[in-house]
Amino acid sequence: MSENNYSMELSAEDLDLVAGGARRFAAAETQELTDFQASTLNSSRGGVSSTNIQETDDFKAAIIEATETGN
């Protein structure tokens, strides 16, 4: 019995077929829940004064990625 073994270069698609297929999932999300800004301007005989306030709370970012090959 003769064996016909030889090396062969496979493309990514061929490898996926041999492995039983591949699946990839990726998702990204960002959230900024609170953004507050306030400004005041006061004038009197003593002069002018101003106040600026800015507050940003609870910023979140996430990336989820999963890859499966074969069965």
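The values are calculated or read from the model by the stated rules, or taken from the named source; none is laboratory data. This one's a predicted model, so the numbers in the text were calculated from it and none came from an experiment. Quick reminder, even Gly has a Cβ in these numbers, built from the backbone with ideal geometry, and neighbours come from all protein chains shown. Note: areas computed on protein heavy atoms with side chains; ligands, DNA, RNA excluded. Shrake-Rupley method; radii C 1.70, N 1.55, O 1.52, S 1.80 Å.
What residue, among those in the range 34-49 that are open to solvent by 100 Å² or more (accessible area, probe 1.4 Å) and in a strand (DSSP E or B), is farthest from LYS60 (Cα to Cα)? Looking at residues that are open to solvent by 100 Å² or more (accessible area, probe 1.4 Å) and in a strand (DSSP E or B), I get VAL48.
Checking each residue in the range 50-66 for being open to solvent by less than 90 Å² (accessible area, probe 1.4 Å) and within 30 Å of SER11 (Cβ to Cβ) picks out only ALA66.
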